[in-house]
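The values are calculated or read from the model by the stated rules, or taken from the named source; none is laboratory data. Bear in mind that the values here come from a model prediction, so they are computed numbers and not experimental data. So basically every Cβ, Gly included, is an ideal-geometry build from the backbone, and we count neighbours across all protein chains shown.
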Amino acid sequence: MNDRIVLNNRYEIIDKVGGGGMAEVFHGYDTLLHRDVGIKILRDQYIQDKNFIAKFRREACSAAGLNHPNIVNVFDVSTDHEIYYIVMEYVVGKAFKEIIQENGALDYKTAVKYALGIASALNQAHSHGLIHCDVKSQNILIDTKGTAKITDFGIARAIDQSYNSTSKEDMMGSVYYLSPEQAAGYTVTPQSDLYSLGVVFYEMLTGILPFEGDTPAEVLSKHVQSPTPSARKIDKDIPIFLDNIVTKSLAKNPALRYKSAQVLMEDLHHAQELLFSGEDNQINTSGSAFDNSGQNANCGVSDETMVINKTDMLDGFADAKKPEYMQRQESPKSKMSGKKLSALFVTAIIVLVGIIYAMISYSRNPIVVPDLTGKTIVEAETTLKQLKLTYTLTEEYNDKITPGQVCKQSPQAGARVKEGRQIRLVISKGVEPGVVPNLHKLTLGEATAKLKEAKLVVGKITVKYSKSAGQGTVLEQSIAPATKVALGTTVDLVVNISSGQTAMPDLSDLTLDEAKQKLADAGLTLGKVNKVTDKKKAGTILSFSPSTGEILDKGTAINVDVSSGDKSEEKKKESTTKNPAGGSSSSNQKTVEFVVPGNKSSNNVKIIASNEKATGIVYEGNVAGGTVIRRSVEVLGNSSVEFYVNGKLVEDRKL
């Protein structure tokens, strides 16, 4: 405690939680008001720069005047021994970018909910004369209650100043989210923020960015020139009306975007109503799905807020034809003189020669980075060694990739690198305990397995029919993905099932009475009850068929194996079945237990039992890895049980 830095004898710095282009962010404690706070401290390289200090102070002044549930509150701004800092609300949660990287695309209702919150926040900022100018998923925090909050008004501009980004001042922002007018050096308006929010909304629905590239200039060029991508080309299940909202938000011409954040909110509210009513695609589209040619598998550009030299950026696509609306903004006075054109031509030749030289140098024996996703560490290491590449390892939780396998890599697959290049590999640690996984589009069985892995429990299951979703898949979950909760928390699910059908619940380790009640709640009945000698308490469900998550007609009878808990019964059977003639053959019942290997959410398992009398299948079904299957088999003479997983024999057990 004594080693911690305390600013102005009040704000104690606890630990670092993140950073951006201008500042670092710390978890702090307000010793006067006794509350946790966030402390943003200007980076050392900028403390001598008056312009940056002015921008830093402007963030505090801009955000301090805003009071909104979807905006991170600013409490104080001050200086202590050349440490310039802002004190703000401490948000416990994750940046939206982290959630996307860990879980991929969001379910549509959650995406609309988050977009509505940020649109509402921008609506208030715009009504106070402020443009954020750096809306991106890194600047959107999701707290533990599932509320989206926007932060970092570090480059906010006052609307009434009619700021024009073609001024001598450098641009700032994240190139993946910049509007075309910001990228090309034109006037920034509230519609610029709505474009950036459109990029974020696209990312929410698809899990990827609409425009990517190897250099900032390439990304900016795509924002200006490339056709607006359709989210439905990535996921055909995305409702048309959501794709329309994305398309309108990402219009190249600001005049064709939403007139205000309020109008965008109205469309999002209408979309929310349609999603909850189940009318997934019942709205006509006002535009076509555009070609998604702007996508690129490489992610070679930092997505942090950065200082972008306008000359460097604009030179990257100066020869490209600007959209018509941008050409109209150029007055005759802005046309270059002959001398300027000559100078530009000479500069372009020099730059072109440099680029060609760099390309020739770079193209000498380039190595294409392989796709290592899903490979074990040993497999990845072997592949990289063969290509004469090195690697580093880090770990993170990932609910989509099997633990011990590569879930991310940098550079991305397909990138060209030189021999000896270090590839950063991220290894999956599986589902993070206590963090709700994304269950959208999973079957009930898969969702149950995911929740078990996260040490969470399936709660109430309700059914609803949606023609655009797969049968038996999860439509909704009561707790948003990536939310941190206590171990053992129940998560209610809405599953897509047609009328007259239901989903098989999990009966594992329930008593017979509890199983009867759970089956009744699901519209099912108890079928054959097979008592099996087992060390578990009498009346405990050992196994059941069909397996968890299977879609069944209501009224279906479910057969169960129940522990008898009576060891003497087995001895009695053995004594009464001995051969009176003195033979050695005897018959008795024995319970075999099999744990399904691996972490796959669905495995086809078949168990075949053999004895002197007969051979037969005692179990066949689809279950998740880690599931325990128990079956009672008859032992007579030379007996054995074979266990098959996905068609392969994994164990031949002699009894």
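Taking L519 as meeting all but one of (1) part of a loop (DSSP other than H, G, I, E, B); (2) over 24 Å from P437 (Cα atoms), write down the number of the exception.
(1)
Starting from residues that are of a type in the set (G, A, S) and modelled with pLDDT under 85, keep the ones in segment 352-385 and report whichever is nearest to the chain's Cα centre (by Cα).
Within segment 352-385, the subset of a type in the set (G, A, S) is 354, 358, 361, 363, 374, 380.
From the residues that got through so far, the ones that are modelled with pLDDT under 85 too are 354, 358, 361, 363.
Working: G354: 40, A358: 37, S361: 38, S363: 35 Å.
Among those residues, the one meeting the criterion is S363.
Which of the residues that make up segment 621-643 are part of a strand (DSSP E or B) and over 34 Å from the mean Cα position of the chain (by Cα)?
Within segment 621-643, R630, R631, S632, V633, E634, V635, L636, S640, V641, E642, F643 meet the criteria.
Within segment 542-580, take every residue that is out of contact with any strand residue (DSSP E or B) (no Cβ under 9 Å at 6 or more places or on another chain) and among the polar types (S, T, N, Q) and give me the one that is modelled with the lowest pLDDT.
Of everything passing the filter in segment 542-580, N579 is modelled with the lowest pLDDT.
So is A121 at pLDDT 90 or above, farther than 30 Å from D76 by Cα, in a helix (DSSP H, G or I) and out of contact with any Gly (no Cβ under 9 Å at 6 or more places or on another chain) or not? Working first, answer last.
Numbers: at pLDDT 90 or above: yes; farther than 30 Å from D76 by Cα: no; in a helix (DSSP H, G or I): yes; out of contact with any Gly (no Cβ under 9 Å at 6 or more places or on another chain): yes.
Against the criterion (at pLDDT 90 or above, farther than 30 Å from D76 by Cα, in a helix (DSSP H, G or I) and out of contact with any Gly (no Cβ under 9 Å at 6 or more places or on another chain)), A121 does not qualify.
Within segment 212-230, is even one residue in the same structural domain as V175 (by TED's automatic domain parsing), buried (at least 22 other Cβ atoms within 10 Å of the Cβ), within 19 Å of the chain's Cα centre (by Cα) and among the aliphatic types (A, V, I, L, M)?
Checking segment 212-230: not a single residue is in the same structural domain as V175 (by TED's automatic domain parsing), buried (at least 22 other Cβ atoms within 10 Å of the Cβ), within 19 Å of the chain's Cα centre (by Cα) and among the aliphatic types (A, V, I, L, M).
Counting only residues that are of a type in the set (S, T, Y) and buried (at least 19 other Cβ atoms within 10 Å of the Cβ), give me the strands (runs of 3 or more DSSP E) lying completely in segment 20-113 with at least 2 of them.
Working: elements: 23-30, 35-42, 74-80, 83-89, 93-95.
The strands (runs of 3 or more DSSP E) meeting that bar are 83-89.
Identify all residues within segment 389-402 that are surrounded by 15 or more Cβ atoms within 10 Å (Cβ to Cβ) and over 17 Å from the mean Cα position of the chain (by Cα); write none if there are none.
L389, Y391
Would you mention how many residues in segment 412-427 are at pLDDT below 85 and buried (at least 19 other Cβ atoms within 10 Å of the Cβ)?
So the count comes out to 1.
For segment 81-95, name all the residues that are within 18 Å of K16 (Cα to Cα) and either within 22 Å of the chain's Cα centre (by Cα) or not hydrophobic (A, V, I, L, M, F, W, C) (or both).
Within segment 81-95, the subset within 18 Å of K16 (Cα to Cα) is 83-95.
Within segment 81-95, Y84, Y85, E89, Y90, V91, V92, G93, K94, A95 qualify.
Can you tell me how many residues within segment 210-251 are in contact (Cβ under 8 Å) with a residue 60 or more places away in the chain, among the hydroxyl-bearing types (S, T, Y) and closer than 17 Å to S192 by Cβ?
Summing the residues that are in contact (Cβ under 8 Å) with a residue 60 or more places away in the chain, among the hydroxyl-bearing types (S, T, Y) and closer than 17 Å to S192 by Cβ in segment 210-251 gives 1.
Please tell me if V605 is buried (at least 18 other Cβ atoms within 10 Å of the Cβ), modelled with pLDDT of 85 or more and touching a strand residue (DSSP E or B) at 6+ places or on another chain (Cβ under 7 Å).
Values: buried (at least 18 other Cβ atoms within 10 Å of the Cβ): yes; modelled with pLDDT of 85 or more: yes; touching a strand residue (DSSP E or B) at 6+ places or on another chain (Cβ under 7 Å): yes.
Considered against the rule, which asks whether it is buried (at least 18 other Cβ atoms within 10 Å of the Cβ), modelled with pLDDT of 85 or more and touching a strand residue (DSSP E or B) at 6+ places or on another chain (Cβ under 7 Å), V605 comes out as yes.
With the requirement that a residue be under 22 Å from R630 (Cα atoms), buried (at least 18 other Cβ atoms within 10 Å of the Cβ) and in contact with a Gly (Cβ under 7 Å, 6 or more places away or on another chain), what does segment 490-511 give you?
Kept after step one, since they are under 22 Å from R630 (Cα atoms), are these residues of segment 490-511: 503-511.
If we keep only those that are buried (at least 18 other Cβ atoms within 10 Å of the Cβ) as well, we get 503-507, 510.
Matches in segment 490-511: A503, M504.
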